[in-house]
Amino acid sequence: MRLSIAFVAVAAGVDFVAAHGYLASVTMNGVTYPGWAPFSDPYQNPVPVRVERVITDNGPVTDIASKDITCNKGGNIPTAAFATVTAGTQVKFQWDQWGSSHSGPVMTYMAKCTGGCANFKGDSGSPWFKIDQFGWDPKQTPAWGSDRLAAQGASWTVTIPKSISAGEYLLRHEILGLHVASTVGGAQFYPHCVQVKVTGGGSANPSGVALPGIYKPTEPAILTQLWWFNPSNTSASYTPPGGPVWSG
């Protein structure tokens with residue numbers, strides 16, 4: 001019986017970790033760039049240089065007051081590589097996997113790298129602006145953004161705003177898992193930061209969102225319970241955290 005209990009505990013742990021995910025690749029301007037693979041890239045010789053900033057594993061960030069919320073655990077270290085994208089075109093984010101039990105919103109932000117990305121982390125001030133989000137829509141199937149991502153083969157596509165100015169940016173893509181968000185610190189954030197060079201575009205230089213700063217541990221979008229959100233609950237509504245998508 002002890003062996004059976006131990007086996008169940010281990011199996012449950014494996015299933016829990018397997019439901020997590022990380023950004024496997026990003027495609028823009030017809031080029032696919034590998035993301036940082038936390039379980040293989042650190043052990044290659046030489047260690048590869050990726051367009052995504054290093055992350056330590058596929059687990060979540062739960063302390064939203066920490067600087068890990070900006071670009072995940074890993075130190076938010078600038079990389080020498082960039083992906084090139086034309087303003088007004090689409091970017092496809094491909095995750096290695098995503099478990100639909102980890103329901104929640106999907107959000108994407110950008111921040112222009114003041115002075116260049118080699119010296120920019122975006123973890124102070126308010127340099128970010130949101131370009132895309134999908135929370136919960138009971139009229140859609142699946143209703144949650146992350147479940148839609150899972151149903152699409154663990155992928156998500158966004159459009160880079162046509163009006164933003166050319167230059168170096170951090171492109172931050174994130175899933176928020178709300179499956180254990182009924183207590184403070186239970187919400188699970190999975191942010192990833194990709195360094196991009198935007199070409200074309202216009203003259204807009206939006207900002208105004210602080211990461212860390214914009215997320216509050218007790219706001220309804222973060223401290224909540226998934227069971228509340230179902231088609232039969234006509235009074236339920238959900239607005240993702242981080243403010244609205246930039247109007248431009």
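Can you find a residue in the stretch 168-189 that is without any contact (Cβ under 8 Å) to a residue 24 or more places away in the chain and either under 20 Å from P105 (Cβ atoms) or in contact with an Asp or Glu (Cβ under 8 Å, 6 or more places away or on another chain) (or both)?
Among the residues of the stretch 168-189, at least one is without any contact (Cβ under 8 Å) to a residue 24 or more places away in the chain and either under 20 Å from P105 (Cβ atoms) or in contact with an Asp or Glu (Cβ under 8 Å, 6 or more places away or on another chain) (or both), which makes the answer yes.
Out of the residues in the stretch 112-144 that are part of a loop (DSSP other than H, G, I, E, B) and closer than 24 Å to T84 by Cβ, state the one that is farthest from the chain's Cα centre (by Cα).
Top of the filtered list is G115.
With respect to S247, determine if the residue is under 13 Å from P105 (Cα atoms) and over 19 Å from the mean Cα position of the chain (by Cα).
In short, no.
What pairs come up if the first residue lies in the stretch 70-82 and is in contact (Cβ under 8 Å) with a residue 40 or more places away in the chain, the second is surrounded by 15 or more Cβ atoms within 10 Å (Cβ to Cβ) and of a type in the set (S, T, Y), and their beta carbons are under 8 Å apart, counting only those six or more places apart or on different chains?
N72/Y190; N76/T70; A81/Y33
Among P78, P48, P38, which is the only one that is at pLDDT 95 or above, touching a Ser or Thr at 6+ places or on another chain (Cβ under 7 Å) and part of a loop (DSSP other than H, G, I, E, B)?
P38
For Y109, work out the one condition from (1) in a loop (DSSP other than H, G, I, E, B); (2) in contact with an Asp or Glu (Cβ under 8 Å, 6 or more places away or on another chain) it doesn't fulfil.
The one condition Y109 does not meet is (1).
Taking into account only those residues within the stretch 182-199 that are out of contact with any Gly (no Cβ under 7 Å at 6 or more places or on another chain) and more than 17 Å from S66 (Cβ to Cβ), which is surrounded by the most Cβ atoms within 10 Å (Cβ to Cβ)?
Among residues in the stretch 182-199 that are out of contact with any Gly (no Cβ under 7 Å at 6 or more places or on another chain) and more than 17 Å from S66 (Cβ to Cβ), the one surrounded by the most Cβ atoms within 10 Å (Cβ to Cβ) is V194.
Name the single residue that is farthest from the chain's Cα centre (by Cα) among those in the stretch 160-187 being among the hydrophobic types (A, V, I, L, M, F, W, C) and under 30 Å from W227 (Cα atoms).
Among residues in the stretch 160-187 that are among the hydrophobic types (A, V, I, L, M, F, W, C) and under 30 Å from W227 (Cα atoms), the one farthest from the chain's Cα centre (by Cα) is V184.
Checking T141 against (1) closer than 20 Å to P241 by Cα; (2) without any contact (Cβ under 8 Å) to a residue 12 or more places away in the chain, which test does it fail?
(1)
Out of the stretch 61-111, which residues are polar (S, T, N, Q), within 24 Å of P48 (Cβ to Cβ) and loosely packed, with under 15 Cβ neighbours inside 10 Å?
Within the stretch 61-111, T84, Q97 qualify.
Residue-by-condition table, conditions (1) in contact with a helix residue (DSSP H, G or I) (Cβ under 8 Å, 6 or more places away or on another chain); (2) surrounded by 18 or more Cβ atoms within 10 Å (Cβ to Cβ):
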| residue | (1), (2) |
| --- | --- |
| G21 | no, yes |
| T27 | no, no |
| G30 | no, no |
| A37 | no, yes |
| P42 | no, no |
| P48 | yes, no |
| D57 | no, no |
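Please state which one of A210, A151, A166 is closer than 23 Å to S101 by Cα and at pLDDT 95 or above.
A151
Does Q195 meet the test of being under 17 Å from the mean Cα position of the chain (by Cα), more than 15 Å from V106 (Cα to Cα) and in contact (Cβ under 8 Å) with a residue 60 or more places away in the chain? Please lay out each step first, then the result.
Working: under 17 Å from the mean Cα position of the chain (by Cα): yes; more than 15 Å from V106 (Cα to Cα): yes; in contact (Cβ under 8 Å) with a residue 60 or more places away in the chain: yes.
Criteria met by Q195.
Looking at the stretch 214-237, is at least one residue surrounded by 21 or more Cβ atoms within 10 Å (Cβ to Cβ) and within 20 Å of L23 (Cα to Cα)?
no
The values are calculated or read from the model by the stated rules, or taken from the named source; none is laboratory data. Every value quoted in this text rests on a predicted model; they were computed, and no experiment measured them. Counting neighbours? That spans all protein chains shown, and the Cβs are built from the backbone with ideal geometry, glycine included.
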